[in-house]
Amino acid sequence: MIALLIISLVGLLLVIQFGIITVTFEKLGVSPAGATRLLLGSIIGSLINLPLFSLKTDIPRQETDSWYYLFLGLRPRQDFSRTIIAVNVGGGVIPVAFSLYLLFTLDLRVADVMFVGSFVALVSYLFSRPVKGMGVMMPILVAPLTAALAAMLINQSQSAPVAYIGGTLGVLVGADLLRIMDVRRLRAPIASIGGAGTFDGVFLTGIIAVLLTG
């Protein structure tokens, strides 16, 4: 009964998430079929981390038995003397690619997007903190609220796409890229940009920001 309850709750959460994300993409002018493909691509892509480079840490080399997935579930040798910086396809690549698609197809003003993105990046950097065993953490609603308010202030008629793009790119820059050097203190063999896929701050910031624009 407990297992059945857990499975039911997980299924309910997935249905709710799917519905919310579908509604969000429709507000951005994406058809239900397109929204479904984007969501499925993000879920599948969340399993894929693409390594970019590595950073040297001050921690001596040691191996561990913990499971860390680098690319399609492959298990690398764990070396805490270096941290591999990777980008997650579902939580990083797809949201950024979709943001660029919106920017060039909806005829948005680049200055508006840059203003919102820069403001969100600043706020994200100030509110984010590296946490050992967790990664770079930040209160979930800070960036979406910032993106939504800034977008409605600067471009009310196109606030939804501006909030999505500015929020997505802003968090990516402020909480991920500007915090890359901080991950050397986290004792992690791998640090992934957008590493939690559809549940990561980069992905969720854009979704929540669009919903907050009304």
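The values are calculated or read from the model by the stated rules, or taken from the named source; none is laboratory data. Given the structure is predicted, the values throughout are model-derived calculations rather than measurements. Using ideal geometry, Cβ is built from the backbone for each residue, glycine included, and neighbour counts are taken over all protein chains shown.
Inside the stretch 173-195, residues that are assigned to a helix (DSSP H, G or I) and farther than 17 Å from residue 110 by Cβ make up a count of 12. Part of a helix (DSSP H, G or I) and modelled with pLDDT under 90, is that true of residue 203? For residue 203, the condition - part of a helix (DSSP H, G or I) and modelled with pLDDT under 90 - is met.
The single condition among (1) among the aliphatic types (A, V, I, L, M); (2) under 15 Å from the mean Cα position of the chain (by Cα); (3) at pLDDT below 90 that residue 97 does not meet is (3). Pairing each residue of the stretch 94-114 that is over 17 Å from residue 203 (Cα atoms) and of a type in the set (Asp, Glu) with any residue that is in a helix (DSSP H, G or I) and modelled with pLDDT of 90 or more, provided the two are 6+ apart or on different chains, yields C-beta distances under 6 Å for 112/154; 112/162. Just one of the listed residues (48, 2, 6) is modelled with pLDDT under 80 and surrounded by 10 or more Cβ atoms within 10 Å (Cβ to Cβ), namely 6.
Whenever a residue of the stretch 139-162 is in a helix (DSSP H, G or I), its partners that are among the basic types (Lys, Arg) and modelled with pLDDT under 90, lying with C-beta atoms within less than 6 angstrom and at least six residues away or across chains, give the pairs 160/27.
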